[in-house]
């Protein structure tokens with residue numbers, strides 16, 4: 001059966017969904033509101049289950065030369081003294097490698113798997129369900145009908161809103177800063193420095209570059225006018241590698257994080273994947289992994305029930321919802337632990353940190 005399928009969004013979730021559908025034998029159209037010249041500038045950390053999902057999508061081979069493998073996570077207190085370590089290689093043994101790399105490099109790998117042209121500068125203005133089909137109005141003025149529309153347009157999803165699947169995302173209260181540094185202090189491990197309601201994470205990502213991801217819990221603070229200045233203000237007193245990295249940062253991006261929790265991910269021939277369906281704070285670095293898994297499972301369920309799209313979408317959600325809820329719950333748990341006053345948190349983490357934080361991932365080692 002030939003299905004007319006549209007994937008809205010050509011970020012990580014959209015390209016993963018397009019690849020999952022192609023692996024299952026479908027040929028979706030892919031549109032992206034942003035122009036093709038927009039390229040992601042930050043890095044990304046892929047835990048072992050993300051690598052396994054890319055293997056299921058047939059994209060693991062082009063990923064292998066990229067970035068740096070991560071074998072260990074090291075957690076330090078604000079003065080740079082060790083709290084505990086996690087054996088990342090052991091945690092994901094038999095599942096997949098953990099890797100830090102350029103987000104732009106990952107985007108290129110995903111683009112090679114789409115197998116067709118992405119229509120850039122083409123957003124979605126409206127989606128209406130008519131007689132079991134989805135009527136889509138594009139920002140270009142064009143109108144088309146599809147048997148299935150996949151909303152992969154992120155936390156602020158237009159497809160989610162227009163299809164009546166949910167309203168705006170809920171702010172988590174976190175402000176996240178991201179940067180890539182060249183020639184900073186040499187790092188071999190994923191390293192986190194924990195302060196008071198704030199943490200600074202750095203990791204090697206290949207080519208003598210370091211990817212930095214820092215966040216602070218500041219729900220009532222205004223958006224920083226000078227992100228780099230604010231980054232140095234919050235983290236300038238941190239120990240470990242932080243000072244050497246801050247000295248090398250030239251440009252930083254800043255964003256507030258949101259959470260998306262919905263009663264349903266599909267309505268008729270419209271379904272949501274990735275952050276559009278189940279965004280969380282980035283604490284566990286599971287956003288990409290969940291998107292890869294979504295794309296694979298959606299393709300498999302659609303292949304099983306191509307004659308009954310609502311049934312396929314229901315089966316997809318039934319498989320994915322418990323796993324994504326687990327990520328959301330463990331993320332909230334990790335953030336609550338992080339925000340405990342250091343005088344209480346740090347002694348606890350020295351005693352039990354490796355067990356507590358490893359347990360956050362254990363369920364994700366299970367098959368998709």
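Nothing in this text is a laboratory measurement; each read-out follows from the coordinates by a stated rule. Please read these numbers as outputs of a predicted model, since none were measured by experiment. With ideal geometry, Cβ positions are generated from the backbone for all residues, glycine too; neighbour counts draw on all protein chains shown.
Taking the centroid of alpha carbons for each part, segment 299-368 and segment 1-65 are 21 Å apart.
Could you list 161, 233, 97 so that the one with the fewest beta carbons within 10 Å of its beta carbon is first and the one with the most is last?
233, 161, 97
Go ahead and estimate [θ] at 222 nm for the chain from helices alone: -39,500 (n - 2.57) per DSSP H run with n ≥ 4, summed, over the residue count, rounded to 500. Mean residue ellipticity, 222 nm, calculated: -11000 deg cm²/dmol.
Compute the helix-to-body angle for 309-338: its Cα long axis versus the longest principal axis of the chain, expressed 0 to 90° and rounded to tens. Value to nearest ten degrees: 10.
Look at the alpha carbon pairs under 8 Å that are at least 6 residues apart: their mean separation over the length of the chain gives a relative contact order of 23 percent.
Indicate the gyration tensor shape class of segment 70-226 (rounded, prolate or oblate), computed on the Cα atoms with a ≥ b ≥ c the square roots of the eigenvalues: a/c under 1.5 is rounded; otherwise a/b larger than b/c is prolate and the rest oblate. Prolate shape, in that a/c is at least 1.5 and a/b is the bigger ratio. Note on residue 170 and residue 108: the model spin-label points, each 7 Å out from Cα along the C-beta direction, lie 4.0 nm apart. Between residue 2 and residue 307, the distance separating the two model label sites (each 7 Å from Cα on the Cα→Cβ line) works out to 2.0 nm. For segment 213-313, just say rounded, prolate or oblate: build the C-alpha gyration tensor, square-root its eigenvalues into a ≥ b ≥ c, call rounded for a/c under 1.5, and beyond that prolate if a/b exceeds b/c, oblate if not. Taking the square roots of the gyration eigenvalues as a ≥ b ≥ c, segment 213-313 is prolate. With an 8 Å cut-off on Cα pairs and a minimum separation of 6 or more residues, tell me the relative contact order of segment 119-201 in percent. Relative contact order for segment 119-201 comes out at 17 percent. Modelled spin-label separation between residue 233 and residue 366, with each label point placed 7 Å from Cα along the Cα-to-Cβ direction: 4.5 nm.
With a Förster radius of 45 Å applied to the beta-carbon distance between residue 71 and residue 140, the computed FRET efficiency rounds to 0.45. Which entry in [x] 17.3; [y] 26.9; [z] 31.5 matches mean projected area of the Cα convex hull in nm² derived from the coordinates of this structure? Entry [x]. Principal-axis analysis of the Cα atoms of the chain puts helix 103-112 at an angle of about 30° to the longest axis. Size descriptor for segment 151-208, Kirkwood hydrodynamic radius: 15.0 Å (Cα pairs only, one decimal). Under the classification rounded if a/c is under 1.5, otherwise prolate if a/b is larger than b/c and oblate if not, where does segment 1-128 fall, given a ≥ b ≥ c as square roots of the Cα gyration tensor eigenvalues? Verdict is prolate for segment 1-128.
Relative to the current alpha-carbon distance between residue 121 and residue 42, full extension at 0.36 nm per residue lengthens the span by 26.3 nm.
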